[in-house]
Structures are given as structure tokens and as C-alpha cells.
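Asks: Dropping the structure in here first, questions after.
The values are calculated or read from the model by the stated rules, or taken from the named source; none is laboratory data. Here the structure is a predicted model, which is why all the values come from computation and not from measurement. With ideal geometry, Cβ positions are generated from the backbone for all residues, glycine too; neighbour counts draw on all protein chains shown. Just so you know, the surface numbers come from the protein's heavy atoms only, side chains and all, with ligands and any DNA or RNA stripped out. Shrake-Rupley method; radii C 1.70, N 1.55, O 1.52, S 1.80 Å.
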Amino acid sequence: FVFLSLQLFGTIVWILVASTGVPLPVLQGWVMFVAVTAWFLSIVFLSVFLFGYANRIAVNWNQADFIFHGATFVFYFGAFLLQAATTSLHHLPRKFNSTIQETILNGREYNISIAASV
């Protein structure tokens, strides 16, 4: 159940961040990296159990599961902080030397960024 929820929520974060147009690539690039990497690794981890490779590989699977989910939590928490920081900067101008006042996130992107943060 935990792996399926990782798949579902990882896919949702991936889609939401990608749909904002990634106005701050340094911050949101890490968010995308975490979402895609955790999504891929959870598929690999789930496949190991579904296809019975866990019985053939001599690994302490309880410890591997604990380390995987602990690392995933740490990385997702860091990604949450960066996505929340991006969302909080929505009112700043996109181009500092331009005469057009365009913010970093427009209204639609701001709402999507809030959903991705949550």
C-alpha cells in the first residue's frame, strides 16, 4: 500500500510541478528530481517483491525498506520546503529590468504550486 501511495502522490507532484512552467529551475529542478527518482525507485522496489526476487537476494529487506522510506521522507521534505519557497515568491517580478510587471507565478501557476506543495 505504501508503494502504491508513493506512485500516486509522486506522479501528482511530478505533473503539478511540470505544469507550472518551472519558473525557478534551480528550486523546482530539485523537486522534479526527487519526485521522478522516488517514483522510479519505488517501481523498482515494488517489482523486486512482485516478481519474487526478494527471496533470491540475501538482503535484510526490513532494513532496506526502512532506509528507502527514511531517505524518501528526507528528500520529499526538502522538496516540499523548496516548492513552498517558490510559492511564497509568487509576487516578485519575473524580469527585474523590464518595464512589464510580470510576476514569477501567475494566478493559475500559483494555485498549482500550492497544490504541489501540499
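Asks: Excluding ligands and nucleic acids, what accessible area in Å² is computed for S19 using a 1.4 Å probe, to the nearest 10?
Replies: Taking all protein chains as shown, S19 has close to 40 Å².
Asks: Computing the accessible area with a 1.4 Å probe over protein heavy atoms, can you report the carbon and sulfur percentage for segment 1-57?
Replies: Carbon plus sulfur share of accessible area: 80 percent.
Asks: With a 10 Å radius around each residue's Cβ, average the other Cβ atoms per peptide and rank 41-48, 111-118, highest first. Walk me through the numbers before you get to the answer.
Replies: On the way: 41-48: 15.1, 111-118: 18.9.
Most protected by this proxy first, the peptides run 111-118, 41-48.
Asks: Averaging sequence separations of C-alpha pairs under 8 Å and six or more residues apart, then dividing by the length of segment 1-57, give the relative contact order as a whole percent.
Replies: Answer for segment 1-57 is 43 percent.
Asks: Further question: From largest accessible area down, sort T37, T20; use a 1.4 Å probe on the protein chains.
Replies: Sorted by accessible area, descending: T37, T20.
Asks: Going from most exposed to least, what order do L8, L16 have by accessible area with a 1.4 Å probe?
Replies: L8, L16
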